[in-house]
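Peer 1: My structure is below; once you've seen it, I'll send some questions.
The values are calculated or read from the model by the stated rules, or taken from the named source; none is laboratory data. Keep in mind it's a predicted model, so treat the numbers as computed, not measured. Here Cβ is always computed from backbone atoms with ideal geometry, including for glycine, and neighbour counts include all displayed protein chains. SASA here: full protein model, heavy atoms, side chains in, ligands and nucleic acids out. Shrake-Rupley method; radii C 1.70, N 1.55, O 1.52, S 1.80 Å.
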Amino acid sequence: EIGFILSEKYWGKGIMPEACKVVMRYAFETLGVNQIVIGHLKANTNSGRVQDKLGFNIVGELPNFENWIDGKPTSYIQRLMTKKQWQDINKKHD
């Protein structure tokens with residue numbers, strides 16, 4: 001599973017997608033993992049966009065997930081990428 005948080009002053013600079021790509025490459029190529037899961041609170045559209053850019057697919061939504069920021073229930077969006085999906089994405093970019 002990949003999780004991330006980044007100070008607002010660094011948002012929009014492409015840092016998180018690039019950092020995640022390095023972690024994903026290491027996980028799939030060096031560690032030999034078969035899949036990576038990632039997720040975000042439904043209201044956190046910035047994290048959702050990063051995960052979209054990386055190619056993660058939504059596999060489910062957990063309703064009434066307790067938001068650690070303000071304690072209000074929200075939905076948690078769960079995403080997944082398999083090693084095969086990652087390889088296919090990277091063939092397009094090579």
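Peer 1: On the basis of being part of a strand (DSSP E or B), open to solvent by less than 100 Å² (accessible area, probe 1.4 Å) and either among the β-branched types (Val, Ile, Thr) or more than 13 Å from Gln78 (Cα to Cα) (or both), does Val33 make the cut?
Peer 2: On the way: part of a strand (DSSP E or B): no; open to solvent by less than 100 Å² (accessible area, probe 1.4 Å): yes; either among the β-branched types (Val, Ile, Thr) or more than 13 Å from Gln78 (Cα to Cα) (or both): yes.
It is false that Val33 is part of a strand (DSSP E or B), open to solvent by less than 100 Å² (accessible area, probe 1.4 Å) and either among the β-branched types (Val, Ile, Thr) or more than 13 Å from Gln78 (Cα to Cα) (or both).
The rows are residues; the columns are (1) more than 21 Å from Ile89 (Cβ to Cβ); (2) under 11 Å from the mean Cα position of the chain (by Cα).
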{"residue": "Gly3", "(1), (2)": "no, yes"}
{"residue": "Tyr10", "(1), (2)": "yes, no"}
{"residue": "Lys13", "(1), (2)": "yes, no"}
{"residue": "Pro17", "(1), (2)": "no, yes"}
{"residue": "Phe28", "(1), (2)": "no, no"}
{"residue": "Val33", "(1), (2)": "no, no"}
{"residue": "Val37", "(1), (2)": "no, yes"}
{"residue": "Asn57", "(1), (2)": "no, yes"}
{"residue": "Pro63", "(1), (2)": "yes, no"}
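Peer 1: Just a yes or no: is a residue in region 2-23 among the aliphatic types (A, V, I, L, M), assigned to a helix (DSSP H, G or I) and touching a residue at least 24 places away in the same chain (Cβ under 8 Å)? Outline the logic, then answer.
Peer 2: We begin by selecting, within region 2-23, every residue among the aliphatic types (A, V, I, L, M); these are 2, 5-6, 15-16, 19, 22-23.
From the residues that got through so far, the ones that are assigned to a helix (DSSP H, G or I) too are 15-16, 19, 22-23.
From what's left, touching a residue at least 24 places away in the same chain (Cβ under 8 Å): 16.
Yes; the residues of region 2-23 include at least one that is among the aliphatic types (A, V, I, L, M), assigned to a helix (DSSP H, G or I) and touching a residue at least 24 places away in the same chain (Cβ under 8 Å).
Peer 1: Suppose we filter region 42-74 for residues that are open to solvent by less than 60 Å² (accessible area, probe 1.4 Å) and over 22 Å from Gly14 (Cβ atoms); how many remain?
Peer 2: 4
Peer 1: Mind checking which pairs have a first residue in region 31-49 that is among the charged types (D, E, K, R) and a second that is open to solvent by 60 Å² or more (accessible area, probe 1.4 Å), Cβ under 8 Å, 6 or more apart or different chains?
Peer 2: Once the first residue is among the charged types (D, E, K, R) and sits in region 31-49, its partners that are open to solvent by 60 Å² or more (accessible area, probe 1.4 Å) give Lys42/Glu61.
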